[in-house]
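The values are calculated or read from the model by the stated rules, or taken from the named source; none is laboratory data. Note that the structure is a prediction, hence the values are computed from the model and not measured. Because the Cβ atoms are built from the backbone with ideal geometry, glycine has one as well, and the counts that use them run over all protein chains shown. Just so you know, the surface numbers come from the protein's heavy atoms only, side chains and all, with ligands and any DNA or RNA stripped out. Shrake-Rupley method; radii C 1.70, N 1.55, O 1.52, S 1.80 Å.
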Amino acid sequence: MSPNGANGEAEVGSDGPRQKGKATPDTLQVGCIAFVTKDGHSRRAEILSIKETKSGRQFYCNFDNFNKRLDEWVPVSRIDFDQDVEWPNPDKDKQKDAKTKKTATVAKKSQPAKKTQKRVGKREQSVASDGQTSHPWTEFVESQSKADGNDKANASLELGATPNLGPDEMELDEDETPASAAKKEHAQSFSREQEIEKLRTSGSMTQNPAEISRIRNISKVEFGRYVLFPWYFSPYPEAFSQEDCIYICEFCLNYYGDFKSFSRHRMKCTLQHPPGNEIYRDDFVSFFEIDGRRQRTWCRNLCLLSKMFLDHKTLYYDVDPFLFYVMTTRDDRGSHLIGYFSKEKESADGYNVACILTMPQYQRKGYGRLLIQFSYELSKIEGKLGSPEKPLSDLGLLSYRQYWSENILDLLLSKSESGEKVTIEEIATRLAMTTQDVEHTLQALKMQVYHKGEHKVVIPDKLVEQRAKSRAKQKRQVDSQRIQWKPPVFTAASRTWGW
Ligand code: ACO
Ligand code: ZN
(Lines give C-alpha, C1' and ligand atoms only; values in the text may rest on other atoms or scores of the structure.)
(Ligands and ions follow the chains in the order given, each with its own letter.)
Protein backbone atom coordinates (compact mmCIF):
# COMPACT_ATOMS: atom_id res chain seq x y z
CA MET A 1 0.00 0.00 0.00
CA SER A 2 1.13 3.45 -0.78
CA PRO A 3 1.81 5.66 2.21
CA ASN A 4 -0.73 7.93 0.60
CA GLY A 5 -3.37 5.27 0.21
CA ALA A 6 -4.23 3.26 -2.85
CA ASN A 7 -5.18 6.23 -4.91
CA GLY A 8 -2.36 8.47 -3.81
CA GLU A 9 -4.80 10.88 -2.20
CA ALA A 10 -4.75 11.36 1.53
CA GLU A 11 -5.76 13.67 4.23
CA VAL A 12 -2.65 15.47 5.37
CA GLY A 13 -1.87 15.42 9.08
CA SER A 14 -4.10 12.48 9.89
CA ASP A 15 -1.64 11.36 12.57
CA GLY A 16 -3.50 12.95 15.46
CA PRO A 17 -4.04 16.40 16.94
CA ARG A 18 -1.30 18.97 16.43
CA GLN A 19 -0.33 22.26 18.01
CA LYS A 20 -1.23 25.33 16.04
CA GLY A 21 0.36 28.73 15.80
CA LYS A 22 1.63 31.48 13.58
CA ALA A 23 4.65 30.81 11.41
CA THR A 24 6.96 32.91 9.26
CA PRO A 25 8.83 31.90 6.11
CA ASP A 26 11.83 31.25 8.34
CA THR A 27 10.10 29.15 10.97
CA LEU A 28 7.95 27.09 8.61
CA GLN A 29 9.52 23.65 8.61
CA VAL A 30 9.15 20.28 6.98
CA GLY A 31 6.18 18.43 8.46
CA CYS A 32 4.15 21.63 9.07
CA ILE A 33 0.67 21.92 7.60
CA ALA A 34 -0.13 25.34 6.22
CA PHE A 35 -2.73 26.97 4.01
CA VAL A 36 -1.38 27.24 0.47
CA THR A 37 -3.03 28.65 -2.64
CA LYS A 38 -3.69 26.16 -5.41
CA ASP A 39 -5.83 26.91 -8.48
CA GLY A 40 -7.10 30.06 -6.78
CA HIS A 41 -8.21 28.22 -3.61
CA SER A 42 -6.61 28.19 -0.20
CA ARG A 43 -5.89 24.55 0.66
CA ARG A 44 -4.28 22.64 3.51
CA ALA A 45 -0.92 21.27 2.51
CA GLU A 46 1.91 19.45 4.22
CA ILE A 47 5.41 20.78 3.63
CA LEU A 48 7.55 17.86 2.52
CA SER A 49 10.74 19.66 1.64
CA ILE A 50 12.30 23.12 1.55
CA LYS A 51 14.92 24.49 -0.81
CA GLU A 52 16.60 27.79 -1.55
CA THR A 53 16.52 28.98 -5.13
CA LYS A 54 17.68 32.08 -6.94
CA SER A 55 14.21 33.55 -6.68
CA GLY A 56 13.81 32.69 -2.99
CA ARG A 57 12.77 29.87 -0.72
CA GLN A 58 10.47 27.19 -2.13
CA PHE A 59 8.33 24.66 -0.30
CA TYR A 60 7.34 21.24 -1.67
CA CYS A 61 3.67 20.80 -0.82
CA ASN A 62 1.39 17.79 -0.68
CA PHE A 63 -2.21 19.02 -0.78
CA ASP A 64 -5.03 17.67 1.34
CA ASN A 65 -6.96 15.02 -0.58
CA PHE A 66 -5.10 15.68 -3.82
CA ASN A 67 -3.25 12.97 -5.66
CA LYS A 68 0.51 13.08 -5.11
CA ARG A 69 1.08 13.86 -8.77
CA LEU A 70 -0.30 17.33 -8.02
CA ASP A 71 2.40 17.98 -5.40
CA GLU A 72 4.45 21.04 -6.30
CA TRP A 73 7.13 23.50 -5.24
CA VAL A 74 5.56 26.79 -4.20
CA PRO A 75 7.13 30.16 -3.37
CA VAL A 76 6.55 31.97 -0.05
CA SER A 77 3.93 34.20 -1.68
CA ARG A 78 1.51 31.28 -2.05
CA ILE A 79 1.54 30.46 1.66
CA ASP A 80 -0.99 32.17 3.90
CA PHE A 81 0.94 33.26 7.00
CA ASP A 82 -2.14 35.05 8.44
CA GLN A 83 -3.60 31.66 9.24
CA ASP A 84 -2.22 29.34 11.90
CA VAL A 85 -0.05 26.47 10.78
CA GLU A 86 -0.17 23.03 12.36
CA TRP A 87 3.23 22.14 13.76
CA PRO A 88 4.67 18.66 13.26
CA ASN A 89 3.68 16.21 15.93
CA PRO A 90 6.87 15.99 18.05
CA ASP A 91 6.58 12.30 18.94
CA LYS A 92 5.26 10.97 15.68
CA ASP A 93 7.56 13.14 13.64
CA LYS A 94 10.74 12.49 15.60
CA GLN A 95 11.96 10.12 12.97
CA LYS A 96 10.81 12.41 10.22
CA ASP A 97 12.77 15.29 11.73
CA ALA A 98 15.98 13.35 11.53
CA LYS A 99 15.40 13.00 7.84
CA THR A 100 14.13 16.51 7.33
CA LYS A 101 17.51 18.11 7.48
CA LYS A 102 18.84 15.57 5.09
CA THR A 103 16.04 16.08 2.60
CA ALA A 104 16.29 19.83 2.73
CA THR A 105 20.05 19.71 2.34
CA VAL A 106 19.91 17.41 -0.59
CA ALA A 107 17.16 19.41 -2.22
CA LYS A 108 19.26 22.52 -1.93
CA LYS A 109 22.28 20.79 -3.29
CA SER A 110 20.30 19.51 -6.21
CA GLN A 111 19.29 23.03 -7.16
CA PRO A 112 22.45 24.83 -8.16
CA ALA A 113 22.17 28.54 -8.82
CA LYS A 114 20.32 28.03 -12.07
CA LYS A 115 16.96 29.31 -13.04
CA THR A 116 14.14 27.92 -10.91
CA GLN A 117 12.11 25.29 -12.58
CA LYS A 118 8.46 25.68 -13.13
CA ARG A 119 6.70 22.61 -11.83
CA VAL A 120 3.80 21.25 -13.69
CA GLY A 121 0.89 20.47 -11.48
CA LYS A 122 -1.77 19.12 -13.77
CA ARG A 123 -1.77 15.89 -15.64
CA GLU A 124 -2.94 17.69 -18.76
CA GLN A 125 0.31 19.61 -18.65
CA SER A 126 2.46 16.62 -18.15
CA VAL A 127 3.47 16.31 -21.74
CA ALA A 128 4.43 18.63 -24.51
CA SER A 129 5.22 17.62 -28.06
CA ASP A 130 7.94 19.29 -30.08
CA GLY A 131 5.80 22.03 -31.40
CA GLN A 132 4.47 23.12 -28.06
CA THR A 133 7.54 23.96 -26.04
CA SER A 134 10.83 25.54 -26.75
CA HIS A 135 13.33 22.80 -27.31
CA PRO A 136 15.47 22.43 -24.21
CA TRP A 137 18.35 20.78 -26.04
CA THR A 138 20.04 24.01 -27.11
CA GLU A 139 19.86 25.36 -23.60
CA PHE A 140 21.31 22.17 -22.19
CA VAL A 141 24.16 21.96 -24.66
CA GLU A 142 25.01 25.60 -23.93
CA SER A 143 25.11 25.05 -20.20
CA GLN A 144 27.27 22.00 -20.78
CA SER A 145 29.79 23.87 -22.92
CA LYS A 146 29.98 26.71 -20.40
CA ALA A 147 30.91 24.15 -17.81
CA ASP A 148 33.84 22.96 -19.91
CA GLY A 149 36.84 22.15 -17.81
CA ASN A 150 34.66 21.21 -14.89
CA ASP A 151 34.97 17.48 -14.51
CA LYS A 152 31.80 17.13 -12.52
CA ALA A 153 29.62 18.95 -14.96
CA ASN A 154 31.11 17.04 -17.85
CA ALA A 155 30.85 13.66 -16.26
CA SER A 156 28.32 11.77 -18.24
CA LEU A 157 25.65 10.18 -16.12
CA GLU A 158 25.59 6.74 -17.57
CA LEU A 159 23.68 3.93 -15.92
CA GLY A 160 24.24 3.94 -12.20
CA ALA A 161 26.84 6.72 -12.28
CA THR A 162 27.01 9.06 -9.29
CA PRO A 163 28.99 12.27 -9.33
CA ASN A 164 31.55 13.30 -6.73
CA LEU A 165 30.22 16.25 -4.87
CA GLY A 166 32.64 18.92 -3.76
CA PRO A 167 32.44 20.60 -0.36
CA ASP A 168 31.51 23.83 -2.13
CA GLU A 169 28.03 22.47 -2.64
CA MET A 170 27.31 21.71 0.96
CA GLU A 171 25.08 23.44 3.38
CA LEU A 172 27.05 24.24 6.53
CA ASP A 173 25.82 24.39 10.08
CA GLU A 174 27.17 27.40 11.95
CA ASP A 175 29.28 25.45 14.40
CA GLU A 176 30.69 23.10 11.86
CA THR A 177 34.04 23.29 10.15
CA PRO A 178 33.97 22.68 6.39
CA ALA A 179 35.85 19.45 6.99
CA SER A 180 33.41 18.04 9.54
CA ALA A 181 30.47 19.22 7.47
CA ALA A 182 31.96 17.60 4.40
CA LYS A 183 32.35 14.35 6.25
CA LYS A 184 28.80 14.49 7.57
CA GLU A 185 27.40 15.50 4.21
CA HIS A 186 29.25 12.71 2.53
CA ALA A 187 27.76 10.26 4.98
CA GLN A 188 24.29 11.72 4.36
CA SER A 189 24.46 11.81 0.60
CA PHE A 190 25.97 8.36 0.62
CA SER A 191 23.11 6.99 2.64
CA ARG A 192 20.61 8.77 0.44
CA GLU A 193 22.26 7.33 -2.63
CA GLN A 194 22.27 3.95 -0.94
CA GLU A 195 18.61 4.34 -0.14
CA ILE A 196 17.75 5.14 -3.74
CA GLU A 197 19.93 2.31 -4.92
CA LYS A 198 18.01 0.04 -2.57
CA LEU A 199 14.69 1.28 -3.88
CA ARG A 200 15.89 0.73 -7.41
CA THR A 201 17.28 -2.71 -6.87
CA SER A 202 15.20 -4.30 -4.18
CA GLY A 203 11.78 -3.92 -5.62
CA SER A 204 9.23 -2.53 -3.27
CA MET A 205 8.79 1.17 -3.64
CA THR A 206 5.51 1.94 -2.06
CA GLN A 207 6.02 -0.25 0.96
CA ASN A 208 9.23 1.57 1.75
CA PRO A 209 8.72 4.16 4.45
CA ALA A 210 11.56 6.30 3.08
CA GLU A 211 10.65 9.95 2.91
CA ILE A 212 12.64 10.20 -0.29
CA SER A 213 10.08 8.45 -2.41
CA ARG A 214 7.46 11.05 -1.45
CA ILE A 215 9.18 13.77 -3.46
CA ARG A 216 9.31 13.86 -7.24
CA ASN A 217 12.96 13.65 -8.21
CA ILE A 218 12.97 14.02 -11.98
CA SER A 219 11.43 17.20 -13.33
CA LYS A 220 11.68 16.76 -17.08
CA VAL A 221 12.34 13.93 -19.52
CA GLU A 222 13.09 14.01 -23.22
CA PHE A 223 11.61 10.90 -24.75
CA GLY A 224 11.58 10.55 -28.53
CA ARG A 225 9.63 13.52 -29.90
CA TYR A 226 8.16 14.33 -26.54
CA VAL A 227 9.00 16.23 -23.40
CA LEU A 228 7.46 14.55 -20.37
CA PHE A 229 6.90 16.00 -16.93
CA PRO A 230 6.93 13.12 -14.43
CA TRP A 231 4.28 12.78 -11.75
CA TYR A 232 6.06 10.71 -9.13
CA PHE A 233 9.41 9.67 -7.74
CA SER A 234 11.31 6.99 -9.62
CA PRO A 235 14.57 5.52 -8.34
CA TYR A 236 16.88 6.65 -11.11
CA PRO A 237 20.41 7.08 -9.76
CA GLU A 238 20.69 9.97 -7.31
CA ALA A 239 22.78 12.10 -9.68
CA PHE A 240 19.89 12.30 -12.13
CA SER A 241 17.79 14.33 -9.74
CA GLN A 242 20.31 17.15 -10.08
CA GLU A 243 19.63 17.50 -13.80
CA ASP A 244 17.08 19.90 -15.25
CA CYS A 245 16.24 17.32 -17.85
CA ILE A 246 17.12 13.69 -18.40
CA TYR A 247 17.18 11.92 -21.76
CA ILE A 248 15.71 8.50 -22.32
CA CYS A 249 16.25 6.58 -25.56
CA GLU A 250 12.73 5.77 -26.70
CA PHE A 251 13.81 2.39 -28.11
CA CYS A 252 16.26 0.80 -25.62
CA LEU A 253 14.99 2.96 -22.72
CA ASN A 254 18.55 3.67 -21.49
CA TYR A 255 18.82 6.93 -19.59
CA TYR A 256 21.29 9.79 -19.73
CA GLY A 257 21.81 12.87 -17.63
CA ASP A 258 23.26 14.99 -20.40
CA PHE A 259 22.52 15.56 -24.02
CA LYS A 260 26.06 14.81 -25.21
CA SER A 261 26.13 11.25 -23.98
CA PHE A 262 22.55 10.76 -25.09
CA SER A 263 23.44 11.88 -28.64
CA ARG A 264 26.49 9.61 -28.64
CA HIS A 265 24.20 6.78 -27.65
CA ARG A 266 21.65 7.60 -30.37
CA MET A 267 24.40 7.30 -33.00
CA LYS A 268 25.10 3.75 -31.83
CA CYS A 269 21.67 2.47 -30.82
CA THR A 270 20.22 0.11 -33.39
CA LEU A 271 17.02 -0.92 -31.63
CA GLN A 272 13.85 0.17 -33.43
CA HIS A 273 11.22 -1.83 -31.62
CA PRO A 274 10.78 -3.52 -28.24
CA PRO A 275 13.11 -6.54 -27.95
CA GLY A 276 10.55 -9.33 -28.24
CA ASN A 277 8.13 -11.09 -30.56
CA GLU A 278 5.49 -9.10 -32.36
CA ILE A 279 2.32 -11.00 -31.49
CA TYR A 280 -0.23 -8.57 -32.91
CA ARG A 281 -0.32 -6.08 -35.75
CA ASP A 282 -3.09 -4.07 -37.33
CA ASP A 283 -3.02 -0.86 -39.37
CA PHE A 284 -2.76 1.11 -36.25
CA VAL A 285 -0.77 -0.60 -33.46
CA SER A 286 1.44 -3.59 -32.70
CA PHE A 287 1.92 -5.62 -29.54
CA PHE A 288 5.23 -7.18 -28.55
CA GLU A 289 5.72 -9.83 -25.90
CA ILE A 290 8.89 -9.45 -23.84
CA ASP A 291 10.20 -11.88 -21.25
CA GLY A 292 11.57 -10.09 -18.19
CA ARG A 293 14.17 -12.78 -17.71
CA ARG A 294 15.48 -12.62 -21.23
CA GLN A 295 15.45 -8.84 -21.52
CA ARG A 296 16.26 -7.82 -17.97
CA THR A 297 17.82 -4.44 -18.66
CA TRP A 298 15.13 -3.35 -21.08
CA CYS A 299 12.34 -4.40 -18.71
CA ARG A 300 14.00 -2.76 -15.70
CA ASN A 301 14.35 0.41 -17.74
CA LEU A 302 10.66 0.16 -18.60
CA CYS A 303 9.79 -0.18 -14.90
CA LEU A 304 11.89 2.87 -14.01
CA LEU A 305 10.25 4.88 -16.78
CA SER A 306 6.75 3.83 -15.81
CA LYS A 307 7.34 4.45 -12.10
CA MET A 308 7.42 8.16 -12.93
CA PHE A 309 3.68 7.85 -13.71
CA LEU A 310 2.64 5.02 -11.40
CA ASP A 311 2.64 5.63 -7.70
CA HIS A 312 0.72 3.03 -5.87
CA LYS A 313 2.50 -0.01 -7.21
CA THR A 314 5.45 -1.97 -6.10
CA LEU A 315 8.27 -1.44 -8.49
CA TYR A 316 9.43 -4.83 -9.53
CA TYR A 317 13.11 -4.67 -10.02
CA ASP A 318 13.00 -8.43 -10.18
CA VAL A 319 11.50 -8.53 -13.63
CA ASP A 320 12.20 -12.23 -14.23
CA PRO A 321 8.75 -13.48 -13.17
CA PHE A 322 6.95 -11.13 -15.58
CA LEU A 323 6.03 -10.88 -19.20
CA PHE A 324 5.62 -7.43 -20.67
CA TYR A 325 3.06 -6.72 -23.38
CA VAL A 326 4.12 -3.56 -25.10
CA MET A 327 1.92 -1.59 -27.51
CA THR A 328 3.62 0.52 -30.17
CA THR A 329 2.78 2.65 -33.16
CA ARG A 330 4.91 2.46 -36.30
CA ASP A 331 6.43 5.06 -38.56
CA ASP A 332 9.54 5.13 -40.76
CA ARG A 333 11.79 5.64 -37.72
CA GLY A 334 10.54 2.63 -35.80
CA SER A 335 7.94 1.34 -33.37
CA HIS A 336 7.20 3.96 -30.72
CA LEU A 337 6.10 3.03 -27.23
CA ILE A 338 2.47 3.91 -26.49
CA GLY A 339 1.95 1.85 -23.36
CA TYR A 340 2.24 -1.59 -21.84
CA PHE A 341 1.01 -3.97 -19.24
CA SER A 342 3.02 -6.47 -17.26
CA LYS A 343 1.72 -9.89 -16.32
CA GLU A 344 3.04 -12.47 -13.92
CA LYS A 345 4.12 -15.67 -15.64
CA GLU A 346 2.15 -17.45 -12.95
CA SER A 347 -0.25 -15.52 -10.78
CA ALA A 348 -1.44 -17.29 -7.67
CA ASP A 349 -4.26 -14.73 -7.41
CA GLY A 350 -5.41 -15.09 -11.01
CA TYR A 351 -4.31 -11.60 -12.01
CA ASN A 352 -4.03 -11.03 -15.75
CA VAL A 353 -2.35 -7.62 -15.37
CA ALA A 354 0.20 -6.51 -12.79
CA CYS A 355 0.87 -2.93 -13.93
CA ILE A 356 -0.67 -1.04 -16.81
CA LEU A 357 0.38 2.29 -18.26
CA THR A 358 -0.38 4.51 -21.21
CA MET A 359 2.49 6.94 -21.74
CA PRO A 360 1.17 10.41 -20.79
CA GLN A 361 1.50 11.77 -24.33
CA TYR A 362 -1.01 9.12 -25.48
CA GLN A 363 -3.48 9.20 -22.60
CA ARG A 364 -7.22 9.82 -22.98
CA LYS A 365 -7.19 8.70 -26.60
CA GLY A 366 -8.57 5.20 -26.12
CA TYR A 367 -5.24 3.33 -25.87
CA GLY A 368 -5.89 2.26 -22.28
CA ARG A 369 -9.00 0.44 -23.53
CA LEU A 370 -6.90 -1.35 -26.14
CA LEU A 371 -4.37 -2.43 -23.52
CA ILE A 372 -7.11 -3.67 -21.21
CA GLN A 373 -8.91 -5.43 -24.05
CA PHE A 374 -5.68 -7.11 -25.09
CA SER A 375 -5.12 -8.41 -21.55
CA TYR A 376 -8.59 -9.98 -21.59
CA GLU A 377 -8.10 -11.41 -25.08
CA LEU A 378 -5.01 -13.21 -23.77
CA SER A 379 -7.05 -14.55 -20.84
CA LYS A 380 -9.69 -15.80 -23.29
CA ILE A 381 -7.00 -17.67 -25.23
CA GLU A 382 -5.71 -19.13 -21.97
CA GLY A 383 -9.25 -20.12 -21.03
CA LYS A 384 -8.96 -18.26 -17.73
CA LEU A 385 -10.86 -15.53 -15.94
CA GLY A 386 -8.64 -12.60 -15.14
CA SER A 387 -8.59 -9.42 -13.11
CA PRO A 388 -6.04 -6.63 -12.63
CA GLU A 389 -3.78 -6.65 -9.60
CA LYS A 390 -5.06 -4.63 -6.64
CA PRO A 391 -4.98 -1.93 -5.52
CA LEU A 392 -5.87 -0.01 -8.66
CA SER A 393 -4.85 3.61 -9.02
CA ASP A 394 -7.50 6.30 -9.43
CA LEU A 395 -7.01 6.35 -13.20
CA GLY A 396 -6.75 2.55 -13.32
CA LEU A 397 -10.10 2.23 -11.56
CA LEU A 398 -11.80 4.73 -13.90
CA SER A 399 -10.47 2.94 -16.97
CA TYR A 400 -11.32 -0.56 -15.80
CA ARG A 401 -14.82 0.46 -14.69
CA GLN A 402 -15.38 1.98 -18.10
CA TYR A 403 -14.07 -1.09 -19.91
CA TRP A 404 -16.11 -3.50 -17.78
CA SER A 405 -19.33 -1.48 -18.09
CA GLU A 406 -19.05 -1.10 -21.84
CA ASN A 407 -18.33 -4.74 -22.47
CA ILE A 408 -20.97 -6.11 -20.12
CA LEU A 409 -23.56 -3.74 -21.59
CA ASP A 410 -22.66 -4.72 -25.16
CA LEU A 411 -22.98 -8.38 -24.32
CA LEU A 412 -26.32 -7.92 -22.53
CA LEU A 413 -27.71 -5.79 -25.34
CA SER A 414 -26.79 -8.40 -27.94
CA LYS A 415 -28.37 -11.10 -25.77
CA SER A 416 -31.54 -9.12 -25.20
CA GLU A 417 -31.93 -8.59 -28.95
CA SER A 418 -31.99 -12.32 -29.46
CA GLY A 419 -34.13 -12.82 -26.36
CA GLU A 420 -31.56 -15.10 -24.73
CA LYS A 421 -31.13 -15.39 -20.97
CA VAL A 422 -27.69 -14.99 -19.51
CA THR A 423 -26.15 -15.76 -16.13
CA ILE A 424 -23.38 -13.94 -14.33
CA GLU A 425 -21.12 -16.96 -14.88
CA GLU A 426 -21.77 -16.81 -18.61
CA ILE A 427 -20.96 -13.11 -18.77
CA ALA A 428 -17.76 -13.82 -16.87
CA THR A 429 -16.73 -16.64 -19.19
CA ARG A 430 -17.55 -14.74 -22.37
CA LEU A 431 -15.55 -11.71 -21.27
CA ALA A 432 -12.82 -13.59 -19.32
CA MET A 433 -13.74 -11.45 -16.32
CA THR A 434 -14.04 -12.74 -12.77
CA THR A 435 -17.62 -13.14 -11.54
CA GLN A 436 -16.76 -10.71 -8.76
CA ASP A 437 -15.83 -7.99 -11.25
CA VAL A 438 -19.02 -8.70 -13.22
CA GLU A 439 -21.15 -8.44 -10.10
CA HIS A 440 -19.49 -5.28 -8.88
CA THR A 441 -19.98 -3.65 -12.26
CA LEU A 442 -23.66 -4.62 -12.40
CA GLN A 443 -24.11 -3.23 -8.90
CA ALA A 444 -22.28 -0.02 -9.73
CA LEU A 445 -24.49 0.44 -12.79
CA LYS A 446 -27.55 -0.35 -10.67
CA MET A 447 -28.53 -3.05 -13.11
CA GLN A 448 -29.24 -5.82 -10.63
CA VAL A 449 -32.74 -5.95 -9.24
CA TYR A 450 -34.49 -8.40 -6.99
CA HIS A 451 -37.99 -9.02 -8.25
CA LYS A 452 -40.54 -11.62 -7.11
CA GLY A 453 -37.88 -13.74 -5.45
CA GLU A 454 -35.61 -13.66 -8.46
CA HIS A 455 -32.39 -11.78 -9.22
CA LYS A 456 -32.71 -10.01 -12.51
CA VAL A 457 -30.61 -7.73 -14.61
CA VAL A 458 -32.31 -4.72 -16.13
CA ILE A 459 -30.71 -2.25 -18.48
CA PRO A 460 -31.85 1.32 -17.83
CA ASP A 461 -32.68 3.25 -21.02
CA LYS A 462 -30.23 5.95 -20.04
CA LEU A 463 -27.38 3.45 -20.16
CA VAL A 464 -28.44 2.22 -23.58
CA GLU A 465 -28.39 5.79 -24.90
CA GLN A 466 -25.04 6.54 -23.29
CA ARG A 467 -23.51 3.41 -24.76
CA ALA A 468 -24.79 4.23 -28.25
CA LYS A 469 -23.05 7.59 -28.00
CA SER A 470 -19.78 6.26 -26.61
CA ARG A 471 -19.70 3.45 -29.19
CA ALA A 472 -19.97 5.99 -31.98
CA LYS A 473 -16.91 7.76 -30.54
CA GLN A 474 -14.89 4.62 -29.99
CA LYS A 475 -12.77 4.12 -33.06
CA ARG A 476 -10.43 1.31 -32.26
CA GLN A 477 -10.62 -2.20 -30.97
CA VAL A 478 -8.20 -5.07 -30.88
CA ASP A 479 -9.07 -7.52 -33.66
CA SER A 480 -8.76 -10.80 -31.76
CA GLN A 481 -8.35 -12.74 -35.03
CA ARG A 482 -4.99 -11.09 -35.55
CA ILE A 483 -3.45 -12.19 -32.27
CA GLN A 484 -0.67 -14.68 -32.96
CA TRP A 485 -0.09 -16.11 -29.56
CA LYS A 486 -0.09 -19.31 -27.59
CA PRO A 487 0.13 -19.24 -23.81
CA PRO A 488 3.85 -19.65 -23.09
CA VAL A 489 4.90 -22.62 -21.00
CA PHE A 490 7.52 -22.05 -18.35
CA THR A 491 9.66 -24.54 -16.54
CA ALA A 492 9.01 -24.22 -12.83
CA ALA A 493 12.67 -23.84 -11.94
CA SER A 494 13.55 -21.08 -14.34
CA ARG A 495 10.21 -19.46 -14.96
CA THR A 496 11.53 -18.78 -18.42
CA TRP A 497 10.54 -20.27 -21.73
CA GLY A 498 10.18 -24.02 -21.81
CA TRP A 499 11.35 -25.18 -25.20
N1 ACO B 1 -10.37 11.20 -16.10
C2 ACO B 1 -11.58 10.64 -16.21
N3 ACO B 1 -11.79 9.43 -16.81
C4 ACO B 1 -10.70 8.78 -17.28
C5 ACO B 1 -9.40 9.33 -17.19
C6 ACO B 1 -9.26 10.59 -16.57
N7 ACO B 1 -8.08 11.17 -16.48
N8 ACO B 1 -8.54 8.47 -17.76
C9 ACO B 1 -9.25 7.41 -18.18
N10 ACO B 1 -10.58 7.59 -17.88
C11 ACO B 1 -11.69 6.66 -18.15
C12 ACO B 1 -12.64 7.27 -19.15
O13 ACO B 1 -13.91 6.72 -18.93
C14 ACO B 1 -12.06 6.78 -20.46
O15 ACO B 1 -13.00 6.73 -21.48
P16 ACO B 1 -13.42 8.07 -22.31
O17 ACO B 1 -12.15 8.76 -22.67
O18 ACO B 1 -14.16 7.55 -23.47
O19 ACO B 1 -14.24 8.88 -21.36
C20 ACO B 1 -11.62 5.39 -20.11
O21 ACO B 1 -11.14 5.49 -18.77
C22 ACO B 1 -10.53 4.83 -20.99
O23 ACO B 1 -9.63 5.83 -21.34
P24 ACO B 1 -8.39 5.57 -22.31
O25 ACO B 1 -8.12 6.80 -23.09
O26 ACO B 1 -8.61 4.32 -23.07
O27 ACO B 1 -7.24 5.30 -21.23
P28 ACO B 1 -5.74 5.84 -21.21
O29 ACO B 1 -5.04 5.49 -22.48
O30 ACO B 1 -5.71 7.24 -20.77
O31 ACO B 1 -5.11 4.87 -20.09
C32 ACO B 1 -4.48 4.41 -17.86
C33 ACO B 1 -5.64 4.66 -18.83
C34 ACO B 1 -3.63 3.24 -18.36
C35 ACO B 1 -5.01 4.04 -16.49
C36 ACO B 1 -3.66 5.72 -17.81
O37 ACO B 1 -4.42 6.71 -17.21
C38 ACO B 1 -2.33 5.61 -17.07
O39 ACO B 1 -1.36 5.10 -17.59
N40 ACO B 1 -2.29 6.14 -15.83
C41 ACO B 1 -1.07 6.17 -15.04
C42 ACO B 1 -0.70 4.80 -14.55
C43 ACO B 1 -1.83 4.12 -13.83
O44 ACO B 1 -2.45 4.69 -12.95
N45 ACO B 1 -2.10 2.86 -14.22
C46 ACO B 1 -3.11 2.03 -13.65
C47 ACO B 1 -2.62 1.46 -12.41
S48 ACO B 1 -3.60 0.12 -11.83
C49 ACO B 1 -2.77 -1.26 -12.36
O50 ACO B 1 -1.64 -1.11 -12.78
C51 ACO B 1 -3.41 -2.61 -12.31
ZN1 ZN C 1 18.89 3.32 -27.39
Roughly how far apart, in whole Å, are the Cα centres of the range 36-83 and the range 320-344?
37 Å
Net dipole in debye of the range 358-426 [+1 Lys, Arg Cβ; -1 Asp, Glu Cβ; about Cα centre; nearest 20]:
260 debye
Full-extension gain in nm, Gln436 to Gln83, via 0.36 nm per residue minus C-alpha separation
122.3 nm
A chain fully extended from Gln272 to Arg330 at 0.36 nm per residue, minus the present Cα-Cα distance, gains in nm 19.9 nm
Do any GluC sites (Glu not before Pro) in the range 367-424 lie in a DSSP loop with no more than 10 other beta carbon atoms within 10 Å, and if so, which?
Glu420
Run the simple label-point estimate for Asp244 and Lys384 please: 7 Å along Cα→C-beta, distance reported in nm.
4.8 nm
In the range 417-455, what trypsin sites (Lys or Arg not before Pro) fall in a loop by DSSP, with at most 12 other Cβ atoms inside 10 Å?
Lys421, Lys446, Lys452
Along the charge dipole of the range 258-337, Cβ charges K/R +1 and D/E -1, which of Pro321, Ser306, Met267 sits furthest on the positive end?
Met267
If I model a spin label at Asp15 and Ser347 as a point 7 Å from the Cα along the Cα→Cβ vector, what separation in nanometres do I get?
3.4 nm
The set of residues whose placed amide H lies less than 5 Å from the amide H of Val353, leaving out same-chain residues fewer than 5 positions away, is Ser387, Glu389
How big is the accessible area of Asp349 in square angstrom, nearest 10, if you roll a 1.4 angstrom probe over the protein chains?
110 Å²
Net charge dipole size for the range 264-377 [Lys, Arg +1 and Asp, Glu -1 on Cβ; Debye, nearest 20]
580 debye
Between Ala468, His451, Thr434, whose Cα lies farthest towards the positive end of the dipole of the range 415-480 when Lys and Arg beta carbons carry +1 and Asp and Glu beta carbons carry -1, centred on the Cα centre?
Ala468
In the structure displayed, which of Lys415/Lys452; Lys220/Lys260; Lys421/Lys462; Lys38/Lys446 lie more than 26 Å apart, Cα to Cα?
Lys38/Lys446
Stretched fully, the stretch from Arg476 through Thr423 gains (0.36 nm per residue minus C-alpha distance, one decimal, in nm) 16.3 nm
Using the Karplus equation 6.51 cos²θ - 1.76 cosθ + 1.60 (θ = phi - 60°), what ³J(HN,Hα) coupling, rounded to whole Hz, does each residue of the range 53-60 give in order, writing x for Gly and Pro?
10, 4, 8, x, 6, 10, 10, 8
Return the whole-Å distance between the Cα centroid of the range 379-412 and the Cα centroid of the range 263-292.
26 Å
Cut-off 11 Å between beta-carbons: net charge of the residues surrounding Arg296, Lys and Arg +1, Asp and Glu -1
0
For His455 and Arg57, extending 7 Å from Cα along the Cα-Cβ vector and measuring point to point gives, in nm, a value of 6.0 nm
